[in-house]
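What follows is a set of notes on a single structure, which appears directly below.
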Amino acid sequence: MQRIAAAKMLNVIENCGVSPPPGAVADQFLPLSFFDFPFLLIPPVQKLLFYEFHHSKPHFTESHIPHLKHTLSLTLKHFFPLAANLIIPSSNSSKPEIRYLEGDSVHLTFAESGDDFDYLTGNQELNAYQFHPLIPQMPEAYNTVLDSGTIQVVPLGAIQVTLFPESGVCFGFAYLHVLADGKAFNGFIKSWASITKFGSDAPILAGGNLPFCDRTMIKDPVGLDTLYWSQVCDGNKFVNQSKTTDNVRATFVITKTDVQRLKESVMASRKRQHWTVPLHVSTFTVTCAYMWVCILKSRARTKVDEDDEDDELDHFIFTADCRERLDPPMPATYFGNCLAICTATARHGQLMEEKEGFFVAAESFGEAIATRLHNGEPEGVLKGSETWISSFKSLKRERVMSIAGSPKIGLYEPDFGWGRPRKSEIVSIDLTGAFSISECKDSQGDVEVGVSFPKTTMDAFASIFVRGLKLL
């Protein structure tokens, strides 16, 4: 029988707040851009990075805790929004903003775990809640009064570093998506890792990798920020929820060879059907298309989707980095959200077809990418952006799938001086229902996908996933 162990209690070594060096950052107010507002509606992003670390607790406590606190402070000098707060006015007539004041800090926890490091960093099935103790608790929001009235002060992030004595270290991150997208936040992690490894910020200064935090550079000529804020105010202003889950998690690998075969099968299908319109056939396209149909079939087999009429429309929501596609373009190091929302849509019955479902999914993805990124319209990636939130709200939640991460973000790049991560996990998929995607650590071209399902759905998914790749 497969082993699924129980999570052990953590021993908290230290709780503290870490600020940028005194006087290093002036008090600042950062208005949210229209790219930020849609992410007020989703739960915090939760990520884990596991590193091999074969040292004792005394060595970690005496040598590494002081160093990590110092280097985090140096990093926050550049990435100060992480230490800031989201300020939400009580009146909907005023928009929220990010406020940094001297002395603001990010909450940092150091802890010790007695769990099996090797087990937690495997790809095998395990209980989802086993990762949850490694995720930091977000500080509570609170209300206060300013001259303009009552405001809600919402911390934007928290960090936890957990030691597995003589085995490893886990860095846990929790942050509100309104702070930054995945590319931007991973830039923070890589910078902190570099400063920790080399002892100073000289390498990131020399490499020109400083974050660009000015959100006013994003042009909004039609007032999307006002429109989005009014639509966000129809529901919760922000979501900072946590809950337990009975799901199980596992990581599956789609090899470079599998990816190539998926691409070739799509192109062969298009040739058979005499398609003449070009299709964007990338690793991302075929991976997401394959996962979409595998998950739908798994849910159908275990009756998770009760509303499975063939004529129902299924939707896959994903995002595309558009820093370089704006006018003017934003720097690659922009620290915030700069994501265009894309939607692939297809009929449920077509996606469920044994052989053709994957091709239907791939065509739907290709069409969504072409519509958003290659439409040739003057508005470019922002064409139709006024309906991004309203369109999403109109969809049936049970008919929507989404993704967390990207093979291009570089989750396995941050090196704190102990080498590259042994394993990465996006834990927040337990709450959102998305699946995660990233590059593999050691196999260039391979793709890791992480899933979180009820046990019966996981069993069905594993069978369908493996069988489908064998039939290529």
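The values are calculated or read from the model by the stated rules, or taken from the named source; none is laboratory data. Everything numeric here is computed off the predicted structure, so don't read it as measured data. Backbone-built Cβ (ideal geometry, glycine too); neighbour counts: all protein chains shown.
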**Request:** Restricting attention to the range 320-343, report how many residues are more than 12 Å from K183 (Cα to Cα) and either hydroxyl-bearing (S, T, Y) or free of Cβ contacts under 8 Å to residues at least 40 places away in the same chain (or both).
**Result:** 4
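Yes/no matrix, rows are residues, columns are (1) in the same structural domain as K423 (by TED's automatic domain parsing); (2) within 23 Å of F80 (Cβ to Cβ); (3) in contact (Cβ under 8 Å) with a residue 24 or more places away in the chain; (4) not basic (K, R):
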{"residue": "L126", "(1), (2), (3), (4)": "no, no, yes, yes"}
{"residue": "L146", "(1), (2), (3), (4)": "no, yes, no, yes"}
{"residue": "H177", "(1), (2), (3), (4)": "no, yes, yes, yes"}
{"residue": "A184", "(1), (2), (3), (4)": "no, yes, yes, yes"}
**Request:** Considering only residues that are among the β-branched types (V, I, T) and within 30 Å of T457 (Cα to Cα), look in the range 97-144 and name the one that is surrounded by the fewest Cβ atoms within 10 Å (Cβ to Cβ).
**Result:** T121
**Complete:** Only one of A111, A84 is out of contact with any Phe, Trp or Tyr (no Cβ under 6 Å at 6 or more places or on another chain) and aliphatic (A, V, I, L, M), namely A111
**Asked** Can you tell me which residues in the range 257-269 are in contact (Cβ under 8 Å) with a residue 24 or more places away in the chain, more than 18 Å from E448 (Cα to Cα) and not aliphatic (A, V, I, L, M)?
**Response** S265, S269
**Fill in**
Checked against (1) among the small types (G, A, S); (2) surrounded by 23 or more Cβ atoms within 10 Å (Cβ to Cβ); (3) touching a His at 6+ places or on another chain (Cβ under 8 Å); (4) under 24 Å from I42 (Cβ atoms), A158 satisfies every condition except (2)
**Prompt:** Only one residue in T371, T333 is at negative phi, surrounded by 15 or more Cβ atoms within 10 Å (Cβ to Cβ) and at pLDDT below 90. Which one?
**Reply:** T371
**Prompt:** Here is a list of conditions, (1) within 30 Å of D116 (Cα to Cα); (2) in contact with a strand residue (DSSP E or B) (Cβ under 7 Å, 6 or more places away or on another chain); (3) of a type outside the set (V, I, T); (4) part of a helix (DSSP H, G or I), and S424 meets all of them except one; can you say which number that is?
**Reply:** (4)
**Item:** the range 363-396 - residue that is of a type in the set (K, R) and either part of a helix (DSSP H, G or I) or touching a helix residue (DSSP H, G or I) at 6+ places or on another chain (Cβ under 7 Å) (or both) and, of those, farthest from L227 (Cα to Cα)
**Value:** R372
